[in-house]
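The values are calculated or read from the model by the stated rules, or taken from the named source; none is laboratory data. Since we're looking at a predicted model, the values are computed, not measured. Here the Cβ positions follow ideal geometry from the backbone for every residue, glycine too, while neighbour counts run over all protein chains shown.
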Amino acid sequence: MIWSLAIGYLVGSIPSADAVGRARGIDLRAEGTGNPGAANALRVGGPRVALLVLLLDVAKGAAAAIAGRFLAGDAGGVAGAVAAIYGQVANPWHRFKGGKGLGVTGGAAIVLWPPGVALVLPIIAAAAKAFGSALGALVGITSLLGISVLWAANGWPTAWGVHPDDTLVWFTIWVLVLTAPKFVTTLLERFRTKRSSPRR
């Protein structure tokens, strides 16, 4: 289990978005929102840069979950995935400042609970269109937890994912714990900016 956590954290902390930005002459931590994620990459670098950043984040989450399951079964897969998400949001190479962890979460969920990805993606898209990306993501990860509780309670199949029990629910709990504060902070910053901007 310890190895699952350690490998997951190291994989999640790989500064892939920074490398992509530098290759394109962009500093994602200094431009746009300053967040080294796909959304900011789209703002400052365009769709190709954003897609590459997203794919690498997804790959990190999937790799950490696969490695964890190989080492310690379902619990190890969840441990590796959660550690990778933490490595992304609290990057040790950048003074524990990182991205929001949504791409890594998506990659891990593809390995651990593929039906959950299929159900939550439309929710995130609809909520983001209605309320903005930050609130949309917050709605999505909250929904992920709620759906996982229902899924585990009924023992529904998870395709190639983990067994539908408390292990699945703990994965989504940790996703919410680690990623929600980032989106809440973004929403609060936007609210304060809106309030402090001069009225015409």
Residue within segment 122-136 that is at pLDDT 95 or above, within 14 Å of ILE85 (Cβ to Cβ) and among the β-branched types (Val, Ile, Thr) present: no
Some residue of segment 109-118 being modelled with pLDDT of 95 or more and closer than 19 Å to ALA41 by Cα: no
Contacts under 8 angstrom Cβ, first residue in segment 29-53 being without any contact (Cβ under 8 Å) to a residue 12 or more places away in the chain and at positive phi, partner surrounded by 18 or more Cβ atoms within 10 Å (Cβ to Cβ) and part of a helix (DSSP H, G or I), 6 or more apart: GLY34/ASN40
Members of segment 158-187 found to be of a type in the set (A, V, I, L, M, F, W, C) and farther than 15 Å from LYS100 by Cα, listed by number: ALA159, TRP160, VAL162, LEU168, VAL169, TRP170, PHE171, ILE173
Output for segment 96-145, where each listed residue is among the basic types (Lys, Arg) and buried (at least 19 other Cβ atoms within 10 Å of the Cβ): LYS100
Which numbered condition PHE96 misses (of (1) within 14 Å of the chain's Cα centre (by Cα); (2) in a loop (DSSP other than H, G, I, E, B); (3) not polar (S, T, N, Q)): (1)
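Here is a yes/no grid of residues against (1) within 18 Å of VAL162 (Cβ to Cβ); (2) under 14 Å from the mean Cα position of the chain (by Cα):
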| site | (1), (2) |
| --- | --- |
| ARG24 | no, no |
| ALA30 | no, no |
| ALA39 | no, yes |
| LEU42 | no, no |
| LEU54 | no, yes |
| ALA79 | yes, no |
Residue, surrounded by the most Cβ atoms within 10 Å (Cβ to Cβ), within segment 169-198, restricted to residues that are touching a Phe, Trp or Tyr at 6+ places or on another chain (Cβ under 9 Å) and either farther than 26 Å from ALA83 by Cβ or free of Cβ contacts under 8 Å to residues at least 60 places away in the same chain (or both): THR172
Segment 67-112: number of residues that are on the phi > 0 side of the Ramachandran plot and of a type in the set (D, E, K, R): 1
Test for ALA6: is it farther than 27 Å from THR167 by Cβ, in contact (Cβ under 8 Å) with a residue 24 or more places away in the chain and out of contact with any Asp or Glu (no Cβ under 9 Å at 6 or more places or on another chain): no
